[in-house]
1. Could you please find all residues in segment 130-156 being touching a Gly at 6+ places or on another chain (Cβ under 8 Å) and either under 21 Å from D28 (Cβ atoms) or open to solvent by less than 50 Å² (accessible area, probe 1.4 Å) (or both)?
2. State the number of residues belonging to segment 70-121 that are of a type in the set (K, R) and in contact with a Phe, Trp or Tyr (Cβ under 8 Å, 6 or more places away or on another chain).
3. Mind checking which helices (runs of 4 or more DSSP H) fall wholly inside segment 43-129 and carry at least 3 residues that are closer than 22 Å to A157 by Cβ, open to solvent by less than 30 Å² (accessible area, probe 1.4 Å) and out of contact with any strand residue (DSSP E or B) (no Cβ under 8 Å at 6 or more places or on another chain)?
4. Take G34 and decide whether it is within 20 Å of G160 (Cα to Cα) and either open to solvent by 60 Å² or more (accessible area, probe 1.4 Å) or in contact (Cβ under 8 Å) with a residue 12 or more places away in the chain (or both).
5. Scan (1) closer than 18 Å to A162 by Cβ; (2) within 13 Å of the chain's Cα centre (by Cα); (3) hydrophobic (A, V, I, L, M, F, W, C) for the single condition V13 breaks and write down its number.
6. Collect the residues in segment 157-167 that are surrounded by fewer than 23 Cβ atoms within 10 Å (Cβ to Cβ) and touching a helix residue (DSSP H, G or I) at 6+ places or on another chain (Cβ under 8 Å), keeping them in residue-number order.
7. Take D18 and decide whether it is part of a helix (DSSP H, G or I), of a type in the set (D, E, K, R) and crowded, with 18+ Cβ neighbours inside 10 Å.
8. Within the bounds of segment 65-77, is there any residue that is more than 18 Å from M1 (Cα to Cα) and in contact (Cβ under 8 Å) with a residue 60 or more places away in the chain?
Amino acid sequence: MDTTLAQTWLRAVASAVDQRQQELTELDSAIGDGDHGSNLHRGFTAVLPAIEDLDSAGAVLSKAGSTLISKVGGASGPLYGKAFRAMGGALTEGDDFGSALAAGLAAIRRLGGAAPGDKTIVDAWAPAVAAFERTGSYADAAAAAEQGALDTVPLQARKGRASYLGPRSIGHQDPGATSTALILRALAECAPDTP
């Protein structure tokens with residue numbers, strides 16, 4: 001991933017969040033605080049000017065992460081912020097995108113303590129990492145994340161705000177898993193399908 005692709009990706013994420021803000025808010029209203037869409041919109045809007053004059057993909061993703069942490073409330077700011085910073089750090093070290101994606105997942109799991117099946121961001125991010133490791137395809141990673149988000153519907157939440165609902169969280173798609181799928185689909189749509 002080069003600087004141009006990293007910047008293009010984040011612009012695509014900001015656009016996708018803008019278009020789907022209401023959907024993310026509705027998903028979060030069912031099992032959370034109802035602010036996921038607005039929080040991500042505020043965060044990725046702030047990311048855009050922050051990444052303009054940077055000269056490496058690692059710097060772009062790291063700056064995006066720092067901006068999300070400082071601008072986004074709720075759980076999503078710290079989780080996505082740490083993930084993007086971890087990805088940026090991995091790319092700065094010269095790792096490939098698969099390793100960077102895995103570093104992002106590890107950062108999310110360290111901060112949130114969630115595992116697959118807990119009805120969180122992890123349920124979309126983990127299958128995306130596995131798919132990318134298998135095929136090296138951005139499109140495959142996005143499709144795996146989208147399926148992971150759909151697969152949260154029958155789960156009972158065990159982490160985060162939704163866990164307070166117990167069995168009433170069953171039957172709702174997790175908003176964090178949904179936004180993860182949105183973020184990775186944005187990458188697949190703006191990148192050539194070879195890392």
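The values are calculated or read from the model by the stated rules, or taken from the named source; none is laboratory data. The shown structure was predicted, so the numbers you read here are calculated from the model rather than taken from an experiment. Because the Cβ atoms are built from the backbone with ideal geometry, glycine has one as well, and the counts that use them run over all protein chains shown. Remember, those area values only see protein heavy atoms, side chains included, never the ligands or the DNA or RNA. Shrake-Rupley method; radii C 1.70, N 1.55, O 1.52, S 1.80 Å.
1. F132, G136, V153, P154, L155, Q156
2. Quick first cut of segment 70-121, residues of a type in the set (K, R) only: 71, 82, 85, 109-110, 119.
Now narrow it down to the ones that are in contact with a Phe, Trp or Tyr (Cβ under 8 Å, 6 or more places away or on another chain): none.
Total satisfying the criteria: 0.
3. Details: elements: 57-71, 76-92, 97-112.
Hits in segment 43-129: 76-92, 97-112.
4. no
5. Status for V13: all satisfied but (1).
6. Once the filter is applied, which keeps residues that are surrounded by fewer than 23 Cβ atoms within 10 Å (Cβ to Cβ) and touching a helix residue (DSSP H, G or I) at 6+ places or on another chain (Cβ under 8 Å), segment 157-167 yields K159, R161, S163, L165.
7. no
8. Yes, segment 65-77 has at least one match.
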